[in-house]
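Beneath this line is the structure, given in structure tokens, with notes to follow.
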Amino acid sequence: MSVIKDPSLAPMGIKKIEWVKEFMPVLAQIEERFKIEKPFEGLKIAVSVHLEAKTAYLGLVLRSGGADVAVTGSNSLSTKDDICAGLDALGMNVYAWHGATQEEYFEHLKQTLSFKPDIIIDDGGDFVSLLHGECKEYAANLIGGSEETTTGIHRLRARVKEGSLKFPMIAVNDANCKYLFDNVHGTGQSTWDAIMYTTNVMLTGKVLVVAGYGWCGSGIAQRARGLGARVIVTEVNPFRALEASMQGFEVMTMDEAAKEGDFFVTVTGCKDVIVKRHFEVMKHNAIVANSGHFDIEFSKPDLRELAVSIEERRPFIEGYKLADGRIINVLADGRLVNIVAGNGHPADVMDLSFALQAMSARHLALNGKNMSPDLYNVPKEIDYDIAIMKIKAMGLGLDKLTAEQEAYINSTGE
């Protein structure tokens, strides 16, 4: 029995799901394969990923493989109520609504886990955290699961290091078909789609400060440069800082950059990257957004302490007025701007990420009971096969090594 806000939104939700399917050819091929193969017959799968149209289609693909599927979101502000209603109308159990309080959000997670899944698909680690703590009893049938994002992988690595992980997990985020495309191109496009639509402010000629030059940060920086911005990168990793510099970006500390930026985008996976002393020197009308998983990358408590007033200036924009009259504009309450204030990653790129999720779930269904508790990479053959499927779907050409070339590459050279 679903727990959603407005069932009447189902027709629009279904149309959106049908739309993204048109641009996810690899996942569509996997769906047809699953309909025949039924790899999940008799299994239950719980999904906690940003609950919008692409995620909904993933849930339907898993169900086509014989699974009993329950779905919730991984962030209450990224949940789309029409998608929840659409999935419910299509007969899937959904536990989520947009704007849920923290208590409601965790109750939805618990409701989704309460049917004791065999496989979980997590985004950020909240499922895993609950199954190791408050909801241990719901892990009774658990074979294993997969993790979608960098933050969740960090949490899983910490569990592996301390020896506390209780079941196998697959690091989907670390597959080539995920981070090379979703993280770079998906985050790069969707972040600017959301910021530009929300603010209606031109980026050309402005100064962008990107905090973090990992795969996501590099995508954001590259697209901003393409739109005519001057881009500054801040980093704690010397190799990434050197990479940013050699790719033509300015690199400086946040203490220096805070005075320069018109736009700030955090994408580090860490907390307190922008704090009080940085807000104190920012320009009037500086725009601050986050594309990391949690809303802790810049300190909202510090900004609230500095503000003499706070007002909604536009949808998804809160203006924090400081004592000297300057206003710092925060987008999407510091949450993932690309999906809270936008449409999330393009369907074309999520085709790769969710194909990985679907095939990783299949791998667990077939092999998970023989896997010990640990963090595993996506099998190379899965990653490679999905890349080949995408190449063919896009109509691209790909050369092949001759037998002689293969022998040369694999030889000692003697």
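The values are calculated or read from the model by the stated rules, or taken from the named source; none is laboratory data. Quantities reported herein were computed from a predicted structural model and do not represent experimental measurements. Positions of Cβ are generated from backbone atoms using ideal geometry, with glycine treated the same way; all protein chains shown enter the neighbour counts. In case anyone asks, the SASA skips ligands and DNA or RNA and just uses the protein heavy atoms, side chains included. Shrake-Rupley method; radii C 1.70, N 1.55, O 1.52, S 1.80 Å.
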Out of the residues in the range 77-86 that are touching a helix residue (DSSP H, G or I) at 6+ places or on another chain (Cβ under 8 Å) and open to solvent by less than 10 Å² (accessible area, probe 1.4 Å), which is farthest from residue 59 (Cα to Cα)? 78
Quickly run through the range 249-268 and pick out the residues that are part of a loop (DSSP other than H, G, I, E, B), surrounded by fewer than 21 Cβ atoms within 10 Å (Cβ to Cβ) and not β-branched (Val, Ile, Thr). 252, 259, 260, 262
Need the failing condition index for residue 180 against (1) under 15 Å from the mean Cα position of the chain (by Cα); (2) open to solvent by less than 50 Å² (accessible area, probe 1.4 Å), just the number. (2)
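In the range 287-296, is there at least one residue being more than 30 Å from residue 147 (Cα to Cα), touching a residue at least 24 places away in the same chain (Cβ under 8 Å) and open to solvent by 40 Å² or more (accessible area, probe 1.4 Å)?
no
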From 194, 158, grab the single residue that is under 24 Å from residue 52 (Cβ atoms) and either out of contact with any Phe, Trp or Tyr (no Cβ under 7 Å at 6 or more places or on another chain) or open to solvent by less than 10 Å² (accessible area, probe 1.4 Å) (or both). 194
Kindly check whether there is at least one residue in the range 306-316 that is open to solvent by 20 Å² or more (accessible area, probe 1.4 Å) and closer than 22 Å to residue 345 by Cβ. yes
Per the list (1) at pLDDT 95 or above; (2) crowded, with 22+ Cβ neighbours inside 10 Å; (3) at negative phi, residue check on residue 342 breaks on (1)
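Which residues, counting only those in the range 231-248, are more than 23 Å from the chain's Cα centre (by Cα) and either open to solvent by less than 10 Å² (accessible area, probe 1.4 Å) or of a type in the set (A, V, I, L, M) (or both)?
If the condition is that a residue be more than 23 Å from the chain's Cα centre (by Cα) and either open to solvent by less than 10 Å² (accessible area, probe 1.4 Å) or of a type in the set (A, V, I, L, M) (or both), then 231, 232, 241, 242, 246 are the ones that fit.
Can you name every residue in the range 250-286 that is of a type in the set (A, V, I, L, M), farther than 22 Å from residue 196 by Cα and free of Cβ contacts under 8 Å to residues at least 60 places away in the same chain?
251, 252, 254, 275, 281
Looking only at residues in the range 286-317 that are β-branched (Val, Ile, Thr) and over 18 Å from residue 267 (Cα atoms), which one is farthest from the chain's Cα centre (by Cα)?
308
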Restricting to the range 81-131, and then to whatever is among the polar types (S, T, N, Q) and assigned to a helix (DSSP H, G or I), can you tell me which residue is modelled with the lowest pLDDT? 102
Return the residues of the range 368-414 that are aliphatic (A, V, I, L, M), more than 30 Å from residue 166 (Cβ to Cβ) and in a helix (DSSP H, G or I); say none if nothing qualifies. 387, 388, 389, 391, 393, 403, 407, 409
Pair list, Cβ < 9 Å and 6+ apart or interchain, from the range 364-379 residues that are in contact (Cβ under 8 Å) with a residue 60 or more places away in the chain to residues that are aromatic (Phe, Trp, Tyr) and not in a helix (DSSP H, G or I): 365/40; 368/167; 371/167; 373/167
Any chance you could count how many residues in the range 208-230 are open to solvent by 10 Å² or more (accessible area, probe 1.4 Å) and within 12 Å of residue 250 (Cβ to Cβ)? 3
Go through the range 87-135 residue by residue and tally those that are open to solvent by 20 Å² or more (accessible area, probe 1.4 Å), farther than 27 Å from residue 21 by Cα and in contact (Cβ under 8 Å) with a residue 40 or more places away in the chain. 3
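Residue-by-condition table, conditions (1) modelled with pLDDT under 95; (2) closer than 30 Å to residue 50 by Cα; (3) outside any loop (DSSP other than H, G, I, E, B); (4) in contact with a Ser or Thr (Cβ under 9 Å, 6 or more places away or on another chain):
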site	(1), (2), (3), (4)
204	no, no, no, no
208	no, yes, yes, no
231	no, yes, yes, no
240	no, yes, yes, yes
243	no, no, yes, yes
For a quick check of your reading of the model, give me the residue pairs whose first member lies in the range 67-81 and is of a type in the set (A, V, I, L, M), whose second is part of a strand (DSSP E or B) and open to solvent by less than 10 Å² (accessible area, probe 1.4 Å), with beta-carbon atoms closer than 6 Å and at least 6 apart or on different chains. 67/45; 69/45; 70/46; 71/47; 71/94
Condition first: in contact with a His (Cβ under 9 Å, 6 or more places away or on another chain), among the hydrophobic types (A, V, I, L, M, F, W, C) and part of a helix (DSSP H, G or I). Now tell me which residues in the range 138-196 satisfy that. 139
Answer yes or no: is there a residue in the range 35-51 that is among the β-branched types (Val, Ile, Thr), under 22 Å from the mean Cα position of the chain (by Cα) and part of a helix (DSSP H, G or I). no
